[in-house]
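The values are calculated or read from the model by the stated rules, or taken from the named source; none is laboratory data. Quick caveat: nothing in here was measured; it's all calculated off a predicted structure. Backbone-built Cβ (ideal geometry, glycine too); neighbour counts: all protein chains shown.
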Amino acid sequence: MRLKQIAIVVNGVAETPDDWSRIKSKLIFEKEFVDGLFKLGHFDHVWVIFGFDRMHQTAMKVHPQHDPRKPLVGVFASRSPTRPNKLGLTLVQLISVRRNVVTVKGLDAFDGSPVYDIKPFEEEIDY
């Protein structure tokens, strides 16, 4: 399977902040995908699927949140970016949709990270 980048993260974040929940990010969509944003603004939250493109290592056991005081768990039992396929999934607050720019809050992705998909959060399906 090949993933096609649909957008890029713009937030100025180059190092892990203390609190990702406060970070506002703009997802700048490629022009060919703008029609896919039609009516997205009706939702309060969206799932963002993005790439951990700066992560080069893979581990099958990790300390949650990279904290060695926490016991090791399998990578699939964590939110660690050291995954075999380097895919991130985060539920974020949708702030706005304007042309090809989707503004969100709480995305734990660095500036320049590729976005592969977004999906609306629908309580009856996702909760």
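Filter the range 78-127 down to the residues that are of a type in the set (S, T, Y) and part of a loop (DSSP other than H, G, I, E, B), then identify the one that is modelled with the highest pLDDT. If you could, list the steps in order and put the result at the bottom.
Looking only at the range 78-127, we keep the residues that are of a type in the set (S, T, Y), and these are 78, 80, 82, 90, 96, 103, 113, 116, 127.
Subsequent filtering for residues that are part of a loop (DSSP other than H, G, I, E, B) retains 78, 80, 82, 113, 127.
Working: S78: 90, S80: 86, T82: 86, S113: 97, Y127: 73.
Ranking the qualifying residues of the range 78-127, first place goes to S113.
Six or more apart or on different chains, Cβ atoms under 6 Å: show the pairs whose first residue is in the range 98-121 and under 14 Å from V13 (Cα atoms) and in contact (Cβ under 8 Å) with a residue 24 or more places away in the chain and whose second is part of a strand (DSSP E or B) and charged (D, E, K, R).
Hits for this filter: K105/K24.
Could you tell me whether the range 54-77 includes any residue that is part of a loop (DSSP other than H, G, I, E, B) and either surrounded by 18 or more Cβ atoms within 10 Å (Cβ to Cβ) or within 11 Å of the chain's Cα centre (by Cα) (or both)? It would help to see each step written out before you state the result.
Just the residues of the range 54-77 that are part of a loop (DSSP other than H, G, I, E, B), to begin with: 54-60, 63, 67-72.
So of that shortlist, the ones also either surrounded by 18 or more Cβ atoms within 10 Å (Cβ to Cβ) or within 11 Å of the chain's Cα centre (by Cα) (or both) come out as none.
Looking for residues that are part of a loop (DSSP other than H, G, I, E, B) and either surrounded by 18 or more Cβ atoms within 10 Å (Cβ to Cβ) or within 11 Å of the chain's Cα centre (by Cα) (or both), one finds none in the range 54-77, hence no.
For the range 1-17: of the residues being among the hydrophobic types (A, V, I, L, M, F, W, C) and in a loop (DSSP other than H, G, I, E, B), which is farthest from the chain's Cα centre (by Cα)? If you could, list the steps in order and put the result at the bottom.
Initial filter on the range 1-17 (among the hydrophobic types (A, V, I, L, M, F, W, C)): 1, 3, 6-10, 13-14.
Right, trim to in a loop (DSSP other than H, G, I, E, B) and you get 1, 3, 6, 13-14.
Details: M1: 19, L3: 15, I6: 13, V13: 13, A14: 15 Å.
So the residue we want is M1.
For the range 18-30, state whether one or more residues are in a loop (DSSP other than H, G, I, E, B), out of contact with any Leu (no Cβ under 9 Å at 6 or more places or on another chain) and within 14 Å of A109 (Cα to Cα).
Looking only at the range 18-30, we keep the residues that are in a loop (DSSP other than H, G, I, E, B), and these are 18-19, 23, 30.
From what is left, the residues that are out of contact with any Leu (no Cβ under 9 Å at 6 or more places or on another chain) are 18-19, 30.
Those left that are additionally within 14 Å of A109 (Cα to Cα): 18-19.
Yes: the range 18-30 contains one or more residues that are in a loop (DSSP other than H, G, I, E, B), out of contact with any Leu (no Cβ under 9 Å at 6 or more places or on another chain) and within 14 Å of A109 (Cα to Cα).
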